[in-house]
Amino acid sequence: MTSLVVIPPMLQPSRSAPLAQYVPSRACLSCDVCCRFPEADSFLRPYFSAEEVREAIARGVPAEAFPAPEGGQIGLVPNPAGDDYVCPAFDPTTRRCSIYEERPLDCRLYPLAVMWDAAHEQVVLGWDPKCPFLTGPHGTDGPSDELLRYASDVAAELEREPRASGFERNPGLVTRFQEDVAVLRALPEVTARVRAAEQAGWNAPLTPGDRARFEAAALAAVAPEECPSAWAFANHYLWRDLLSYSWRRIGPSFCLFADSVDGRFMPVPPLGATVGRDVLESAFAHMRARSPGRGVARIENVPRPLAEAWSRAGFRVVPRDPEYLYRAEEIAALKGDRYKSQRAACNKLLRHHRVVLDPFENAYLADCRRLYREWREQKQQPGSDAWASSLLEDSEAYHRRLLTDAETVGLTGWVAHVDGRIRGYTFGAALMPGVWCIVAEIADRAVPGLADWMFREGARRAAERGFDVVNTMDATGLPSLARSKQSYRPIQLVQLCTVYES
């Protein structure tokens, strides 16, 4: 292979390394940054191709560290020497990598990074100023001439074969845009290969970096009063422990897919200004290829006006439970006879207890987790409905993610202190202009009136933020929950459908 750049002997690659190493090993062995990650699902964890997965397993990395043996990011493990997470090939005690000689391209490139630009239009090569070697005594305030020459040669190598084909087989090597990584140059050939992979059916994993793209597509797709809660980004990303989410563009539409044990389906319809029959047919063909079970390929949470249009085009439409919309100011006030019982419940609570609703903070995390466990035990009484019990079991993973990832996915939360103890929490997000969606609300059932008070106060805060309407999602098939939602006199029911091929 042609040499990339003339560099000092200490930087020369080993015989098996296809790319020259810019940072000397002595610097890596004294570093406390690389190979360590603050979250278990960090989007920066190394990506391995199928060949690199096989090589890593052969060198002793556990096979279970690779949830996608055909190519994907490695699974991290808790750091025994700290509160963070590490690559399972990394020993934090010795600071050595057990597969260093055969480490993946993703690791070899550092401190360079291959990522999308801010507009997600071009794949670019950047350099990471966080590398201690670059900012230490050998570093500068900007990329050195030597680093620029190195990056130029690396870019040329990535743009030609066989590297370019590697990106077509492994588009996941390209990370989302990182504001703190300085862009050096575009990689047009890599961009073309990754785009080709997307068109051929490769789906990008859903990450927090896709939130703006998802929300912009949803905003263009439907009128605010017809928008279901499933069109909130958080209501997908937080379920990732139970479903595997990915997306791709089909024509002009943003298409979100979810993989379950049964196969692949769409939890929301193709999002965008227009959805033609060609988009729907392509989406169903994509799902059928990955969904062996009959009836798995489907599009959920389709607003009725859109579903009716698709029905006329020959698709099969099945109605599902509606979602409930309320006027925020009406719930905040609870005036009149129609809210007499809810108002009485709130007043009784305030007569007997000191109740305060405070913004959620990480300091409340342990207490909220404790509350959720208590609330779940309260709900799982002998004789509980089997469907309700199943929903409770599934929701545990959701609430665990909710409490740790709320800010990442754009949620705002509050906790209810009753006599100085946390007895409730509620989280919501802007769904559409003027529409606030409550995605989760937990109230200690041992405190009568707390659920009513929290709903009232949550609506009040939504109104103060300029939201006219509150969406409380559907009743999840539970008659008792449907009766409770109806008792608050919804101003509108968002009628939803599931769509199948004819």
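May I ask you to list the lysines whose Cα is less than 25 Å away from that of Lys130, ignoring any residue fewer than eight positions away on the same chain? Output for Lys130: empty list, no partners. Between Glu281 and Ser311, the modelled label-to-label distance comes to 2.3 nm, taking each label 7 Å out from Cα in the direction of the beta carbon. Here the gap between Asp394 and Arg460, fully extended at 0.36 nm per residue and compared with their Cα-Cα distance, gives a gain of 20.8 nm. Find how many whole Å separate the alpha carbon centroid of the range 72-88 from the alpha carbon centroid of the range 157-216. If you average the Cα positions of each part, the centres end up 25 Å apart. Using the eigenvalues of the Cα gyration tensor, what equivalent ellipsoid semi-axes result for the range 265-362 when each is taken as the square root of five times the eigenvalue, whole Å, largest first? The answer is 45, 18, 13 Å, longest axis first.
All alpha carbon pair distances within the range 234-313 were sorted into 10 Å bins beginning at 0; the resulting P(r) in whole percents reads 18, 53, 28, 2.
Label point 7 Å out from Thr94 along Cα-to-Cβ: which residues of the range 51-83 have amide N under 14 Å? Under 14 Å, as judged by backbone N against the label point of Thr94, lie 60-61 of the range 51-83.
On the basis of the beta-carbon distance and an R0 of 51 Å, Arg169 and Arg445 show a calculated FRET efficiency of 0.45.
Dimensions of the range 139-260 from C-alpha coordinates, computed as largest minus smallest value along each principal axis and given longest first, are 56, 35, 28 Å.
In the P(r) worked out for the range 311-455, what percent of Cα pairs fall beyond 26 Å? In whole percent, the share of Cα-Cα pairs in the range 311-455 beyond 26 Å is 35. Over the range 183-321, all Cα pairs binned in 5 Å intervals from 0 give whole-percent P(r) values of 2, 9, 19, 23, 22, 14, 7, 3, 2, 1, 0, listed from short to long. More than 16 Å apart: what percent of Cα pairs in the range 456-502 qualify? So the pairs more than 16 Å apart make up 54 percent of the total in the range 456-502.
Note on Glu51 and Phe177: the extension gain reaches 42.8 nm, defined as 0.36 nm multiplied by sequence separation minus the Cα-Cα distance.
For the chain, the solvent-accessible area with a 1.4 angstrom probe is 47 square angstrom per residue. Extension gain, Val296 to Glu64, is 80.8 nm, computed as 0.36 nm per intervening residue step minus the present C-alpha separation.
Across the range 46-93, the fraction of Cα-Cα pairs farther apart than 14 Å, rounded to a whole number, is 46%.
One Cα centroid belongs to the range 456-480, the other to the range 247-294; the line between them spans 29 Å. Dimensions of the range 61-126 along the principal axes, based on C-alpha atoms and rounded to the nearest Å, stand at 39, 27, 25, largest first. Semi-axes of the equivalent ellipsoid of the chain are 46, 28, 20 Å, computed as sqrt(5λ) over the eigenvalues of the C-alpha gyration tensor in descending order. Using equal-weight Cα scatterers in the Debye expression, the normalised intensity of the range 17-104 in log10 at q = 0.21, 0.22 Å⁻¹ is -1.09, -1.18.
Need one word for the range 384-502: rounded, prolate or oblate. Basis is the Cα gyration tensor (sqrt eigenvalues a ≥ b ≥ c); a/c below 1.5 gives rounded, then a/b vs b/c decides. Since a/c stays below 1.5, the shape of the range 384-502 is classed as rounded. Computed from label points 7 Å out along Cα-Cβ, the spacing between Leu242 and Ala212 is 3.1 nm. Across the range 389-431, the residues whose backbone nitrogen lies under 18 Å from the label position 7 Å along the beta-carbon direction of Asp83 are 401, 403-408.
The values are calculated or read from the model by the stated rules, or taken from the named source; none is laboratory data. All values derive from a computational prediction rather than experimental measurement. Virtual Cβ from ideal backbone geometry, glycine too; neighbours counted across all protein chains shown. Ligands, DNA and RNA are stripped out before the accessible areas are found, and what is left, the full protein with its side chains, is counted by its heavy atoms. Shrake-Rupley method; radii C 1.70, N 1.55, O 1.52, S 1.80 Å.
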